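Here the structure is laid out as structure tokens; the discussion comes afterwards.
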Amino acid sequence: MAQQEFSIPSLMNRLGTEADAYQLLEELRWGADKADVVCPHCGVIGGHYFLTPANGSSRATRMTAKNGKVSERRVWKCCSCRKQFSVLTGTIFHGTKISVRTWVMVVLEMCASKNGVSAREIERKYDLTAKTAWYMLHRIREAMKQDPMAGLLRGTIIADETFIGGKPKNRHADDPRQRGAGFSDKQPVLALVDFETREVRSRAIPDVTAETLRDEITPQVDIEHSQLWTDELRAYRRIGEKFNSHHTVNHKDGQYKNRGATTNTVEGYFSQLKRSLDGTHHHVSVEHLNRYLAQFDFMYTNCKATDSERMVRLIDNVAGRRLSYKPLTGQA
Ligand SMILES: [Zn+2]
């Protein structure tokens, strides 16, 4: 499919009806010729499907639902298992009362905003309840999460840690030996950055001990074929020995470059993360931090892509990542 450029106004024009929004999602997920349709029930790829009702134009797909309301859902039927599905089935968009038009618009808003969009902003702009707006943003963040099958990072890997919450203070000025203990009000976050590709993987971690750093870094990095750049934190030493080489920079002395090694890249990532957590999102609970981190990883990793390209990448990830309200809020 030829690359399309989306903007908020152009999308608003294009998405006149719900059926238009369904069609756009179908194009993005399955290709313009629907060659990549996968039946979410039986898994048949590119099999025979037909629209029900038969004509796919927006007016013809209008049907009257049981409650008497006109529905513009585009429903497909699988010729293999005879079950019905739509482009929403099994995705983060499934099973909500939010219009597909609103979903598509909010996805683009998220992909277009470096510092993130606040739930309050979306609530006002799209006339939603606060709960719905909040829920939508978290579902979209799910689709921004890194592919669980993603390969190992390899090459020059920068590892750096930061603390979210609590007093704004430069942790790097502290005694390194004290870090990782006694900061119960602050949540440690570890970021791994591939220096060449700028891919970022960050996660909230329980502490910054040598054991935790080893457990976090080992499954993510092809250690034997990589070099590690970190700050002077002692806890990196043991895992650093397993790398091809380990370069450190000493923040304490204001030294930001050492033998070509720099952790400035991660510093930039962290400062942007903190700016938006402070400015855009007023309260970030710890349990949602990893989802926010997924959002910032996605934006940073895809920072050279256009808003539209990011949107296409996100739409690629919407399947199999449903998030129901219960695990999201921790309600029983
Ligand atoms: Zn099927």
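The values are calculated or read from the model by the stated rules, or taken from the named source; none is laboratory data. On a predicted model such as this, the values are computed, not experimentally measured, just so you know. Glycine gets a Cβ as well: all are built from the backbone with ideal geometry, and neighbour counts include every protein chain shown. Side chains included, ligands, DNA and RNA excluded: accessible areas come from the protein's heavy atoms. Shrake-Rupley method; radii C 1.70, N 1.55, O 1.52, S 1.80 Å.
Counting only strands (runs of 3 or more DSSP E) that fall entirely inside the range 195-286 and contain at least 1 residues that are at pLDDT below 90, the qualifying elements are 227-231, 245-249. Within the range 43-71, the set of residues being surrounded by fewer than 13 Cβ atoms within 10 Å (Cβ to Cβ) and at pLDDT 75 or above comprises Gly43, Ile45, Phe50.
Of all residues in the range 1-28, those that are open to solvent by 10 Å² or more (accessible area, probe 1.4 Å) and outside any helix (DSSP H, G or I) have Cβ atoms under 6 Å from Cβ atoms of residues that are of a type in the set (A, V, I, L, M, F, W, C) and at pLDDT below 90, 6 or more apart or on another chain, in Met1/Ala32.
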